[in-house]
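Nothing in this text is a laboratory measurement; each read-out follows from the coordinates by a stated rule. Keep in mind that this is a model prediction, so the values were computed, not measured. Don't worry about glycine lacking a Cβ; one is built from the backbone with ideal geometry, like all the others, and counts go over all protein chains shown.
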Amino acid sequence: MTTDRPTDKTILITGGAGFIGSHLSTALVDDNDIRVLDSLTTGSRENVPTGATLIEGDLRDEDALARATDGVDLIFHEAALVSVQGSVEAPLTSHEINVDATLDVLEAARNEDARVVLASSAAIYGHPEQVPITETDPKSPTSPYGLDKLTIDHYAHQYHDLYDLETVALRYFNAYGPGQVAGDYSGVISVFIDQALSDEEITVYGEGDQTRDFVYIDDIVRANQKAATTDAVGDAYNIGTGESVTIRELAELIQEITDTDSDIVHMDARTGDIEHSEANISKAQNQLDYEPTVSLREGLEQTVTWYRSQRD
Ligand code: UDP
């Protein structure tokens, strides 16, 4: 029998000042001793909840990682260079941060005999042959980022098989929610909400027939909590909602929720854009007891409220 979430543990959250890591830190800080390792390059100090200990440092910094992992029971490894475009421009840097540093985290976990829950990605599948995508479907990532995530997803599995380390890889589909800051390479939802609230045109790339499975941050956090306590370790799970929308529908929904005057405009399609993405989440439902609970409309409403509060 597994419990729903970790309690009374010493937990390291790498990237704990970033979007997903900070939500996780906040959810766990009351019942656990939380350490956050974050370089604050994209994350921010204000995101780290009161009661958590921030170790400001790069994953590649051996001393910082040693201090952060000393005596831990559990590691959530969320720190990464998340930009697909950035990885295309600088594949070596992407590899260093996303692969080499993850190996350092896995080695540290091996020393401490700590469980590792690690952020993988739907990017490992590349252009899927069919949707919904199941975990055993072909993997052909189309960017260094996707390849790096596939590599660490495999390493997580291998560390379990070779060294009996408790690892779980979570393959996030399109995560969104409060705290995801709009920027050049951030997710489409943050971009569209930012445009709508600024009365700028909402820029749909191509016809907008492409589809994505958008999963709200609270569901991502719950998936991590389940992964931290499950007996079904040494495995990888799709974390999405099992439903998808077209980008055009998404733009219209954001138009409606924000009540904006912004028009939807169509731009050139993005080169190499994935056409359809949707998770088959049966494995996570069956083995992790994971169940998405937040509808897209509800999640978007919460996200828009947060964006508005940032503007006041
Ligand atoms: N997208 C768009 N307009 C934008 C940003 C993104 O139409 O301003 C589309 C993009 O072409 C893709 C989808 O939204 O089809 C999701 O893009 P994102 O970069 O958020 O995630 P990914 O493509 O990695 O799933």
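Per-structure values
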quantity: Enumeration of residues in segment 262-284 that are under 14 Å from THR203 (Cα atoms) and among the charged types (D, E, K, R); calculated: ASP263, ASP268, ARG270
quantity: Counted residues, segment 172-214 - those being closer than 30 Å to ASP235 by Cβ and touching a residue at least 60 places away in the same chain (Cβ under 8 Å); calculated: 17
quantity: Condition broken by GLY179, with the remaining ones in (1) over 21 Å from GLY126 (Cβ atoms); (2) outside any strand (DSSP E or B); (3) within 15 Å of the ligand (Cβ to nearest atom) satisfied; calculated: (3)
quantity: Scan of segment 1-31 for residues that are touching a Leu at 6+ places or on another chain (Cβ under 8 Å), assigned to a loop (DSSP other than H, G, I, E, B) and not small (Gly, Ala, Ser), ordered by number; calculated: ARG5, PRO6, LYS9
quantity: Out of THR246, THR293, sole residue that is among the polar types (S, T, N, Q), surrounded by fewer than 22 Cβ atoms within 10 Å (Cβ to Cβ) and without any contact (Cβ under 8 Å) to a residue 40 or more places away in the chain; calculated: THR246
quantity: In segment 134-176, residue nearest to PHE76 (Cα to Cα) [restricted to those that are more than 16 Å from the ligand (Cβ to nearest atom) and of a type in the set (Ser, Thr, Tyr)]; calculated: THR167
quantity: Count - residues of segment 56-72 that are without any contact (Cβ under 8 Å) to a residue 60 or more places away in the chain and surrounded by fewer than 19 Cβ atoms within 10 Å (Cβ to Cβ); calculated: 11
quantity: Residue, farthest from the ligand (Cβ to nearest atom), within segment 220-269, restricted to residues that are more than 26 Å from ASP161 (Cβ to Cβ) and of a type in the set (Lys, Arg); calculated: ARG222
quantity: Subset of segment 203-212 that is of a type outside the set (Asp, Glu) and at negative phi - its residue that is farthest from the ligand (Cβ to nearest atom); calculated: THR211
quantity: Single match in VAL215, VAL191 (criterion: buried (at least 24 other Cβ atoms within 10 Å of the Cβ), within 18 Å of VAL82 (Cα to Cα), within 16 Å of the ligand (Cβ to nearest atom) and not hydroxyl-bearing (Ser, Thr, Tyr)); calculated: VAL215
quantity: Test: ALA169 is within 21 Å of GLN225 (Cβ to Cβ), part of a loop (DSSP other than H, G, I, E, B), in contact with a strand residue (DSSP E or B) (Cβ under 6 Å, 6 or more places away or on another chain) and touching a residue at least 60 places away in the same chain (Cβ under 8 Å); calculated: no
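Yes or no, residue by residue, for (1) in contact with a Ser or Thr (Cβ under 6 Å, 6 or more places away or on another chain); (2) more than 28 Å from GLY187 (Cα to Cα); (3) not in a loop (DSSP other than H, G, I, E, B):
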position	(1), (2), (3)
VAL82	no, no, no
HIS95	no, no, yes
ASP100	no, no, yes
VAL105	no, no, yes
ALA108	yes, yes, yes
